[in-house]
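The values are calculated or read from the model by the stated rules, or taken from the named source; none is laboratory data. The structure displayed is predicted, hence computed values, not measured ones. Virtual Cβ from ideal backbone geometry, glycine too; neighbours counted across all protein chains shown. Protein only, heavy atoms only, side chains kept; ligands, DNA and RNA dropped before computing areas. Shrake-Rupley method; radii C 1.70, N 1.55, O 1.52, S 1.80 Å.
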Amino acid sequence: MPENKSLVQCYNRGCGQLFDLNKNDKDECCHHPGAPIFHDAYKGWSCCNKKSVDFTEFLNIKGCTLSKHSNVKPPEPEKQVLDKELDKKKVIEVRAPVVGPQLPRPPFHTPLTVLEARIADSLKNAIQQATTKSVTEADGTIAIGTTCKNGGCNATYEGPQTNDTMCTHHPGCPIFHEGLKFWSCCQRRTTDFNTFLSQPGCTTGSHRWFKEATPAGTVKCRWDWHQTPEFVIVSVYAKKYDPTNSCVKLNPIRLNVKLVFHEEENAVFELDLELRGVVDVERSSASMLGTKVEIKLKKAEPGAWSKLDFPRIEEKKETVKSPVVQEDKDDLVDLTSVEAISPINNLNLTG
């Protein structure tokens with residue numbers, strides 16, 4: 001078929017179609033009269049409120065204006081021409097940072113001050129719910145509607161007669177590896193998450209209505225830090241810890257965080273650091289939130305800290321700096337604490 005030489009490219013943004021110059025008498029060009037805007041990972045157009053974080057979706061956003069096609073290229077943005085002569089006259093003055101005399105470091109075992117932490121309402125509500133649940137478990141009573149804690153069993157407690165039914169479940173642990181999802185006990189592999197969730201159990205037994213308690217002293221929490229010109233902020237990520245028995249202690253060069261967990265008997269997480277810099281204890285603060293403890297340390301002298309703390313000899317065996325967190329283990333996923341939305345209503349996911 002011979003090429004139609006009368007067809008030309010439309011340069012209106014968002015159109016890009018070929019059109020016939022001799023038949024360009026209708027408003028058939030759907031385009032964006034505005035300019036593209038890229039801001040905070042969002043990509044959109046200044047002429048309409050359509051935006052996306054995906055570049056392909058951004059390119060496929062349909063135009064918001066109808067008009068005739070145009071074969072005129074839009075003008076290129078003007079490039080700023082550097083004035084070399086003016087640039088030579090510029091004097092860049094570099095000044096060394098003003099660093100005063102370093103404050104003396106008191107002994108590490110200087111008495112600690114307990115920071116009065118602000119307790120968030122979300123943490124109070126979580127603790128209240130956990131207390132109610134623990135009292136129910138201590139009494140041995142099972143609430144109607146409680147789901148079986150065995151993985152893969154979708155039974156709910158409807159009364160004592162439910163205990164007479166067979167529990168079909170997976171005794172192993174779920175494994176996600178290279179796109180495959182399967183249970184370690186039966187190795188039936190799939191790439192679809194819903195298919196994985198709907199796999200029937202491979203073992204029969206009795207229902208388990210209560211979650212097994214974590215052994216004492218095994219709680220390990222992930223923590224991190226960052227800094228601003230005036231503060232060093234330390235965050236310890238934890239949930240359902242007891243704000244009454246937990247505490248944050250501080251002296252000018254030492255930070256001690258102790259978290260006591262309500263659901264596990266004698267389960268404690270402790271972080272004890274010798275700080276790299278000197279802090280102002282009176283102007284420091286702590287907040288106990290639903291998902292973390294945030295400690296805001298006020299720098300007592302200007303300057304950036306290269307690291308948060310000095311390693312201590314007695315802490316090398318315990319590896320306090322980099323605690324091992326269960327969810328960081330390769331390919332293993334704990335599905336025993338956070339309820340997932342799935343065909344199996346009782347299957348729980350840890351997030």
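Numbers below:
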read-out	value
Only listed residue being open to solvent by less than 70 Å² (accessible area, probe 1.4 Å) and either modelled with pLDDT of 85 or more or of a type in the set (S, T, N, Q) (or both), chosen from Cys47, Cys15	Cys47
Extreme residue, farthest from Ser70 (Cα to Cα), among residues of the stretch 26-46 that are in a loop (DSSP other than H, G, I, E, B) and in contact with a strand residue (DSSP E or B) (Cβ under 7 Å, 6 or more places away or on another chain)	Ser46
Strands (runs of 3 or more DSSP E) wholly inside the stretch 178-227 that include at least 3 residues being modelled with pLDDT of 80 or more and closer than 24 Å to Thr147 by Cβ	180-183, 203-205
Cβ pairs under 6 Å, 6+ apart, first in the stretch 249-262 and of a type in the set (D, E, K, R), second part of a loop (DSSP other than H, G, I, E, B) and open to solvent by 40 Å² or more (accessible area, probe 1.4 Å)	Lys249/Leu112
Strands (runs of 3 or more DSSP E) lying entirely in the stretch 240-310 (those with 2 or more residues that are among the small types (Gly, Ala, Ser) and closer than 19 Å to Gln227 by Cα)	279-288
Residue within the stretch 163-172 that is open to solvent by 50 Å² or more (accessible area, probe 1.4 Å), touching a Phe, Trp or Tyr at 6+ places or on another chain (Cβ under 7 Å) and either at pLDDT below 80 or not small (Gly, Ala, Ser) (or both) present	no
The lone exception for His32 - which of (1) within 22 Å of Pro75 (Cβ to Cβ); (2) open to solvent by 70 Å² or more (accessible area, probe 1.4 Å) it fails	(2)
